[in-house]
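Below is one structure; the comments refer to it alone.
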Amino acid sequence: MPGTSARNVAVGRPNLEVSGGILVAPTGSTRPDDAETALDAAYVPLGYVGEDGVTETSERSTEEIRAWGGVKVRTVQTEYGCSVSLTLIESRRAETLRTVFGEDNVVVSGGVITVKRNEKVLPHRQWVIDMKDGDNARRLDIGYGQITEVGDVTYSDGEAISYEVTISCDPDDNGDSLVEYLTDPEGAGTGE
C-alpha cells in the first residue's frame with residue numbers, strides 16, 4: 001500500500017527559462033505531447049503573467065432523472081465547459097496586445113504601437129502554459145482556445161497596466177478541451 005510523499009506536492013510556478021509561462025500559436029501548429037520537449041517555433045511567449053497565476057475552471061451541469069414516485073434513478077451530464085483565466089502584465093509587448101485585441105488591430109511602425117478596439121471576433125489559437133517546479137515540469141496544452149472575456153483595463157499610478165483574460169477551451173479534434181502533461185521523474189505517481 002503506497003504511503004504519502006512530499007515529492008507528490010507541486011506548485012504552479014512559471015517556467016521562466018522558456019517564457020513568462022504562457023505561449024500562443026496559430027491553430028494547425030504542432031502541439032506538444034509531453035511536459036518538456038521544445039515547442040514548435042510557431043509558439044510565441046506573451047510575457048509575464050500577474051502574481052495570481054493561472055486559474056483553470058471546469059463546469060459540469062447535470063440533470064437528475066426520477067422515476068414515478070420521485071425516486072432518483074440516474075444523474076446525467078448535460079453540459080461541460082473548460083476555461084483558463086490569467087492576467088497578462090506586459091502591456092508594451094506587441095504580441096500580447098495582438099492576442100488581447102486581435103492581430104489586425106495592432107500595428108507596429110516607427111517605434112509606435114497602435115492598438116484599435118472594435119467588435120472583431122478574436123480567433124481561436126493554440127495555447128501552452130509551461131510550469132517548472134524544481135525538476136518537475138507541468139504543461140497545459142489548449143489545442144483550440146479563444147479569448148472570450150477581457151476584464152477592465154485600469155490606468156493608475158503604481159499599478160501595472162494589465163489585461164485579465166478568459167480563454168474558453170473548446171474541444172479539439174479529439175474532443176479534448178485541455179490536455180495536461182507532467183513529469184514523473186521518480187515514479188512518484190505510480191506509488192514507487
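Taking the condition of being of a type outside the set (Lys, Arg) and touching a Phe, Trp or Tyr at 6+ places or on another chain (Cβ under 9 Å), how many residues in segment 47-84 meet it?
Here is the first cut: in segment 47-84, the ones of a type outside the set (Lys, Arg) are 47-59, 61-65, 67-71, 73, 75-84.
Those still in the list that are touching a Phe, Trp or Tyr at 6+ places or on another chain (Cβ under 9 Å) too: 58-59, 61, 84.
The total comes to 4.
Can you confirm whether residue 112 is of a type in the set (Val, Ile, Thr), in contact with a strand residue (DSSP E or B) (Cβ under 8 Å, 6 or more places away or on another chain) and modelled with pLDDT of 95 or more?
Taking the combined requirement at face value, the residue does not satisfy it.
In segment 94-113, is there at least one residue being touching a helix residue (DSSP H, G or I) at 6+ places or on another chain (Cβ under 9 Å) and in a loop (DSSP other than H, G, I, E, B)?
no
Kindly indicate whether any position in segment 67-76 is touching a residue at least 12 places away in the same chain (Cβ under 8 Å) and not charged (D, E, K, R).
The answer is yes, given that some residue of segment 67-76 is touching a residue at least 12 places away in the same chain (Cβ under 8 Å) and not charged (D, E, K, R).
What do you reckon, is residue 90 of a type in the set (Asp, Glu), under 20 Å from residue 182 (Cα atoms) and part of a loop (DSSP other than H, G, I, E, B)?
No; evaluated as a whole, the condition is false for this residue.
Taking segment 14-26, which residues are surrounded by 15 or more Cβ atoms within 10 Å (Cβ to Cβ) and in a loop (DSSP other than H, G, I, E, B)?
Selection gives 15, 18, 19, 20.
Can you name the residue in segment 32-52 that is out of contact with any Leu (no Cβ under 7 Å at 6 or more places or on another chain) and closer than 16 Å to residue 137 by Cβ and, of all such residues, is surrounded by the most Cβ atoms within 10 Å (Cβ to Cβ)?
Once the filter is applied, the top-ranked residue is 36.
Table: residues versus (1) touching a residue at least 60 places away in the same chain (Cβ under 8 Å); (2) on the phi > 0 side of the Ramachandran plot.
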residue: 95; (1), (2): yes, no
residue: 111; (1), (2): no, yes
residue: 122; (1), (2): no, no
residue: 125; (1), (2): yes, no
residue: 128; (1), (2): yes, no
residue: 148; (1), (2): yes, no
residue: 155; (1), (2): no, no
residue: 159; (1), (2): no, no
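Say we look at segment 23-43 and pick out the residues that are of a type in the set (Val, Ile, Thr) and modelled with pLDDT of 95 or more; which of these is nearest to residue 85 (Cα to Cα)? Lay out the reasoning, then the answer.
Of all residues in segment 23-43, those of a type in the set (Val, Ile, Thr) come to 24, 27, 30, 37.
With modelled with pLDDT of 95 or more added as a condition, the list becomes 24, 27, 30.
Working: 24: 14, 27: 20, 30: 23 Å.
It comes out as 24.
Give me a count of the residues in segment 69-121 that are surrounded by 11 or more Cβ atoms within 10 Å (Cβ to Cβ), within 23 Å of the chain's Cα centre (by Cα) and aliphatic (A, V, I, L, M).
8
The values are calculated or read from the model by the stated rules, or taken from the named source; none is laboratory data. What you see is a predicted model, and the numbers here were worked out from it, not measured in a lab. All Cβ positions, glycine included, derive from the backbone under ideal geometry; neighbour counts span all protein chains shown.
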